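Enquirer: Once you've had a glance at the structure underneath, I'll fire off some questions.
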Amino acid sequence: MKKAILANTISIALLCAPFWGQQASAPQANAQNPELEQHIRELEDRVIALEGKIRTMESEKAAAAQPQPAQSTAQPESGTAAQTTVPSPATTVPSPQIANETQAGLANAAGQLPVYGGSSAAAKALNPDISVIGDFIGAAGGNTAPPLATLQPFPSMEMHESEIGLQAIIDPYARGDFFISFGEQGVNLEEGYITFTALPAGLIAKAGKMRSAFGKVNTLHNHVLPWVDRPLVTTNLVGGEDGIDDAGFSLQRILPAPKGIFLEATGQVFRGDSDDVFAAQQRSDVSTVEHLRGYRDITESTNVDIGVSYARGHNNGNVTLPGDFITQLYGVDATVRWKPLRRSIYHSFVGRSEFIWSQRQQFPREQRAFGMYASGDYQFGRRWFAGGRFDWSERSQFDNLTDKGAAATLTYWPSEFSQLRGEYRFTRYAENRDGNELLMQLIFSLGAHGAHPF
Amino acid sequence: MKRLQIALVLMGLLFLPIASQAKKLNVITATTDMAALAQEVGGDRINVESIAKGYQDPHFVEAKPSFLLKLRQADLLITVGLQLEIGWLPPLITQSGNRRIQVGANGYLDASQFAEILEIPTGTVTRAMGDVHPLGNPHYWLDPDNGRRVARGIAGKLGELDPSGAAYFQERFQDFDKKLTVAEQKWDAEMAPFRGNKVVTYHNSFTNFAKHFHLNVIGYVEPRPGIPPTPSHTLDLIGLMKRENCKLVLVEPYFDLKTPNSIGAATGAKVQVYLPSVGGEKQVTTYFELFDYDMDLLKKAFQ
């Protein structure tokens, strides 16, 4: 094999030799200027290639300085290896063998000089992306929740949440995401998990604490919701703001489907403790969440997203008779999106609805509660959004009590990194008490540019 | 010994055509320009598709799950880099379940490493500067020299992923290089009479083009990158254009024309929708056609 490589290299070099000769004898002609120009161009190219190399080394490639298995160190260097053949493209026919050898050399050089910590700029390059999102909420108007209601009205003003995000690629096989939220009641690890991105068979696994994949709203952080609050059905049946957010692991995979249809299945197992929804009294009281998502592009600007979810876990019973009971949740969610690509920053529409059924065993009989919301949000300018939401939900422990509500929102974006929202909210409790409120919210984001959720 | 070597070389040559029957590489690119360049060097040994459309703002692409279907089959993902796709590509890569294209893996190629990058901010970078790209201006593909450099980089990467096609990719790159050199001479000649002409653009996506063809971008409709026009900035800009006698406003196809048109009305400048990307108009399907289209537009506008 080595001989073949050698032979190939030699033959290629021999092939190139005549070109070299021609170039060298060229200056005799009056073509001195073009050649000088060509020379300058080549030098320019080399400088640019070097600049690019430095840039990449400074950013992501810094990770390659960490000790890693030989194979993976070789990979990130490949891009630079391609560059080493760059300088004289006109005179050499770059052969893959040469490139490979150079690549191996570079990889070794990087592998032998691991940099641990230190205060250099390169060490900082390995810091995770840090972001802080502030969520300030003000409320006015009247809303006194009846004693049995699950909805907790907002105080006049509160720094509702300060969410710190720390995100980074851990190694060639995984990335890590932490979201720590500081609220009025203290600190809460909202999410903190590792995602294994390099598993075989297209599997994606997560382990840690995470928002479960039950429906849509449950997966979303406060600052990406189209409202100040969460729908009544979330509060009444799925644990409110924190929702089903628990420690466990998750496995997801894209399933084979007819062309044009995206089908994804997610299975999750959790400890079984999430707010009011699930409570685990012993180790075996784990909860599970399953989600199946189907998505299809109708046109390039319109698409439909439909999901079904199931969750099962244990609950503590109620005040009359505490004990070990089972709660099962069924959910259907549907989203329609419209965003014309040519004017995507000016106009869009998202219509969304979720239906959730809860079966909660408790004394003296199982409670079968149903709840839903339907909402629509229209973007009518680069910075302006208007929306509405309708709420209807029974309560998980009292399926004969139904709360209803409606909300209208107006959102203004000074920039991509801050957002001002007003929401008028009407709530009619089952106890025949009404709430009329005006909520104001200011969201502001510092640091790394987070991805926009879809 | 010598005979053996010759035999080996000959055998190698014999095997080449057979190897070329191999499976095509699936290449997914973030933008159409990268797809066009990959197509130039990849020829019929690759299937290439772009996530963003040419008439779409590449900063704001939705991370649709349908893109995951494409990404999970990809052997190579080519990104523009410099955080252009930061708002949408990272979750797609994570969720693709495709280990070949994860950041740092062999099938992930950030094309910005090959190109000359302008406007790299020095000193403190804050968001008071708008949606500033701390690594430099990501619209670098609008300089044909950068197109050549990126194409060369892509050819190298393709050869690495498909060694049996390495020679083919290099040959195609050489062809592209020659074609581009000829085209560049033509474009340079076409733009020569307009050297130093002043233009205003909506977003700062024209920097590399202006540098290569010696045009002078004196201002932007956006007060800061990514910040929508404000009345006071628009008035300032009108004043500046009048003072500088600037007669052309270039707008990317994904921006609203209302403010540019009012600027045009106030200053007598022409307002033109120029194409920053391949596929911005249906007939513009290659890297060459992109420049041809914009050259035509500029020539007419400057005359």
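Just so it is clear, none of the values below were taken in a lab; they were calculated from the coordinates. The structure presented is a predicted model; accordingly, all values stated were derived computationally and were not measured. All Cβ positions, glycine included, derive from the backbone under ideal geometry; neighbour counts span all protein chains shown.
Enquirer: Less than 12 Å Cβ to Cβ from residue B:65, Lys/Arg counted +1 and Asp/Glu -1: what total charge do the surrounding residues give?
Expert: +2
Enquirer: Starting at the first residue of segment A:322-327, write each ³J(HN,Hα) from the Karplus equation 6.51 cos²θ - 1.76 cosθ + 1.60 with θ = phi - 60°, in whole Hz, x for Gly and Pro.
Expert: Karplus values, whole Hz, x for Gly and Pro: x, x, 10, 10, 10, 10.
Enquirer: Something else now. Between beta-carbons, use under 14 Å as the cut-off and find the net charge around residue B:219, counting Lys and Arg +1, Asp and Glu -1.
Expert: Overall, the nearby charge balance is +2.
Enquirer: Which whole-number percent is the relative contact order of segment A:131-447 (Cα, under 8 Å, 6+ apart)?
Expert: 15
Enquirer: Could you tell me the distance between the Cα centroids of segment B:233-247 and segment B:265-289, to the nearest Å?
Expert: Taking the Cα centre of each part, segment B:233-247 and segment B:265-289 sit 22 Å apart.
Enquirer: Amide H to amide H, which residues 5 or more places from residue A:255 or on other chains are under 5 Å from it, using H placed in the peptide plane?
Expert: Answer set, sorted by chain and number: A:263, A:264, A:265.
Enquirer: Where in chain B are the DSSP H helices whose alpha-carbon span along the long axis reaches 24 Å or more and whose Kyte-Doolittle mean is at least -0.5? All intermediate terms of the calculation are to be shown ahead of the outcome.
Expert: On the way: long enough: B:2-19 (25 Å, 1.69); B:144-161 (25 Å, -0.62); B:166-191 (36 Å, -0.97).
Sorted by number, the helices that extend far enough and score high enough are B:2-19.
Enquirer: Now a separate question. Scan chain B and report its longest stretch carrying no trypsin sites (Lys or Arg not before Pro) that are both in a DSSP loop and have at most 15 other Cβ atoms within 10 Å.
Expert: B:25-194
Enquirer: Moving on. Once phi is turned into ³J(HN,Hα) by the Karplus curve 6.51 cos²θ - 1.76 cosθ + 1.60 with θ = phi - 60°, what whole-Hz value does each residue of segment A:125-134 show in order, with x for glycine and proline?
Expert: Listing the rounded values in order: 4, 8, 4, x, 5, 10, 9, 10, 10, x Hz.
Enquirer: Another question, then. How large is the dipole of segment B:119-262 about the Cα centre if only Lys and Arg carry +1 and Asp and Glu carry -1, each at its Cβ, rounded to the nearest 20 debye?
Expert: 340
Enquirer: Given an 8 Å cut-off on Cα distances and at least 6 residues of separation, report the relative contact order of segment B:130-213 as a percent.
Expert: 42
Enquirer: Using a simple charge model, +1 on the beta-carbon of Lys and Arg, -1 on the beta-carbon of Asp and Glu, nothing else, what dipole does segment B:122-186 show about its Cα centre, in debye to the nearest 20?
Expert: Charge dipole of segment B:122-186: 100 debye, to the nearest 20.
Enquirer: Are there trypsin sites (Lys or Arg not before Pro) in segment A:282-313 that DSSP marks as loop and that have at most 16 other Cβ atoms within 10 Å, and which are they?
Expert: A:283
Enquirer: Kindly rank B:58-65, A:422-429 from highest to lowest mean number of other beta carbons found within 10 Å of each residue.
Expert: B:58-65, A:422-429
Enquirer: Take B:241, A:57, B:34, B:295 and order them by how many other Cβ atoms sit within 10 Å, fewest up front.
Expert: Placing the least packed residue first, the sequence is B:295, A:57, B:241, B:34.
Enquirer: OK, next. Where Lys and Arg each count +1 and Asp and Glu each count -1, what net charge lies around residue A:150 among other residues with Cβ under 9 Å from its Cβ?
Expert: Computed value for this residue: -1.
Enquirer: Please report how far the C-alpha centroid of segment A:252-267 lies from that of segment B:73-152, rounded to the nearest whole angstrom.
Expert: Computed from Cα coordinates, the inter-centre distance equals 28 Å.
Enquirer: Short version: ³J(HN,Hα) in whole Hz for each residue of segment A:394-401, in order, from phi by Karplus 6.51 cos²θ - 1.76 cosθ + 1.60 (θ = phi - 60°), x for Gly and Pro, what are they?
Expert: For segment A:394-401, the Karplus curve yields 7, 9, 4, 8, 9, 6, 8, 9 Hz.
Enquirer: On to the next question. Over chain B, what is the relative contact order in whole percent, taking alpha-carbon pairs under 8 Å and six or more residues apart?
Expert: Working: 505 pairs, mean separation 49.5, N = 303.
Contact order relative to length: 16 percent.
Enquirer: With the calculation restricted to Cα positions, what are the radius of gyration and Dmax of segment B:228-303 in angstrom?
Expert: Rg then Dmax for segment B:228-303, in Å: 13.7, 39.
Enquirer: With point charges of +1 on the Cβ of Lys and Arg and -1 on the Cβ of Asp and Glu, referenced to the Cα centre of segment B:21-185, which listed residue (B:67, B:30, B:43) lies farthest in the positive direction of the dipole?
Expert: Checking the options against the dipole of segment B:21-185, the answer is B:67.
Enquirer: With 10 angstrom as the radius, rank B:79, B:286, A:320 by how many other C-beta atoms surround their C-beta, starting from the fewest.
Expert: Numbers: B:79 24, B:286 14, A:320 8.
Final ranking by Cβ density, sparse to dense: A:320, B:286, B:79.
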